[in-house]
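Remarks on the structure that follows.
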Amino acid sequence: MELKTTAIDNVNISKLKNKTKLERRRLLVKRFLFNKSVLIGTIILLFLTLFALFAPLITPHSPLAMENANRLQPPSSEHWFGTDNFGRDLFSRVANGAQVSLTVGLSVAVITAIVGLIIGLYASYYSLLDHILMRVCDALMAFPDILLAVAIMAVLGPQPVNVVIAVTLAKIPVVARVVRSSSLVVKEQTYIEALKSQGASSWRIIWKHILPNILSPLIVQVTYIFAIAIILEASLSFLGAGIPAPNPSWGNILLDGKIVIFNASWMTIFPGMFIVFAVLGLNLFGDGLRDLLDPHSNKSIK
């Protein structure tokens, strides 16, 4: 009889847990739908992602095919965004440039998050590492991002992989400092001291107890890094130190359009519009995500 009662109690507890998880998911979906910033940002990012992924299928011309007879043609039914100063279809170049910009931005965001997370966590836990790693971060942060990236590109050369390396090195200190400051707050909590007194290993404390409590600010920061990486990649390409021609990039399309800006304004309008569109979507997504993950935010739906 007692075994039967225990089994029934276990079933009831399991059902209660499942119901609680379901209610939490419903609340999260409700908060997501009522948060206009994250919703609009998600829609913009989804559109840009699909635009970049299906670029080879939706572009009517090759982004590298030059037709001198069609130089600087305005937007038309054949060339939706017009043509550039080499007769290349601008819509095809902008669409394929989206692949480059989003790939660089995503790569920078992921690598920066991983490396900055490791640096920030261990710097917050070990005082000696803190002094060494934070001084290196201070040295890197002393230079403006664009100047540091240009200097690194001058050494490595203009290649897509080198663009990722240059922008990543410029933004790692930012993520490392955000992670470190959040980790220091968690490290001073009573339960961390209790774990230390019980003999818990440093690895367990760092990765199983500190890490889960600093993911929210890290995720939000990474979305901003994504947006900044797109701007830096476009800036490097515009300066001639980023994606090498003739490969399309929003930045080098703007560079080509600078020469003929008064005669063919569409060469600067369309790539510039997509850069603004991407950065706006990421910033809205980051702001909304911050409000969504922060239980004390006034904008969150209870």
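Values in this text are rule-based calculations from the coordinates and carry no lab data. What you see is a predicted model; the values in this text were computed from it and never measured. We place every Cβ from the backbone using ideal geometry, glycine too, and count neighbours over all the protein chains shown.
Determine the shape class of the range 199-296: with a ≥ b ≥ c the square roots of the Cα gyration tensor eigenvalues, call it rounded for a/c under 1.5, and otherwise prolate if a/b is greater than b/c, oblate otherwise.
Numbers: a/c = 6.38, a/b = 2.39, b/c = 2.67.
Here the range 199-296 falls in the oblate category.
Is the chain best put as rounded, prolate or oblate by its Cα gyration tensor, with a ≥ b ≥ c the root eigenvalues, rounded for a/c under 1.5, and otherwise prolate when a/b is larger than b/c, oblate when not?
Here the chain falls in the oblate category.
With a 10 Å cut-off between alpha carbons and a GNM built on the chain, which of 88, 177, 71 moves the most?
Of the options given, 71 has the highest mean-square fluctuation.
If you average the sequence gap of Cα pairs under 8 Å that are 6 or more apart and divide by the length of the range 51-153, what percent do you get for the contact order?
On the way: 94 pairs, mean separation 19.7, N = 103.
Once normalised by length, the contact order is 19 percent.
What angle do you read, to the nearest 10 degrees and between 0 and 90, between the alpha-carbon axis of helix 160-187 and the longest principal axis of the chain?
On a 0 to 90 degree scale, this one is about 20.
Please report how many Lys pairs in the chain have alpha carbons closer than 22 angstrom, counting only residues at least 8 apart along the chain or sitting on separate chains.
The result is 16.
Against the longest principal axis of the chain, how steep is helix 266-293, in degrees 0 to 90 to the nearest 10, with axes from Cα atoms?
10
Within the range 169-262, report the GluC sites (Glu not before Pro) that DSSP leaves as loop and that have at most 13 other Cβ atoms within 10 Å. Present the calculation step by step, with values, prior to reporting the outcome.
Values: sites: 188, 193, 233; in loops: 188.
Answer in residue order: 188.
What relative contact order, as a whole-number percentage, does the chain give when Cα pairs under 8 Å and 6 or more residues apart are counted?
Numbers: 424 pairs, mean separation 76.1, N = 302.
Reported relative contact order: 25 percent.
Using only Cα atoms, find the angle between the long axis of helix 250-259 and the longest principal axis of the chain, and express it within 0 to 90 degrees, rounded to the nearest 10.
So the inclination is approximately 30 degrees.
Dipole of the chain, Cα-centred, from +1 at each Lys and Arg C-beta and -1 at each Asp and Glu C-beta, to the nearest 20 debye? Present the calculation step by step, with values, prior to reporting the outcome.
On the way: 26 positive and 17 negative charges, 274 e Å.
The calculated dipole for the chain is roughly 1320 debye.
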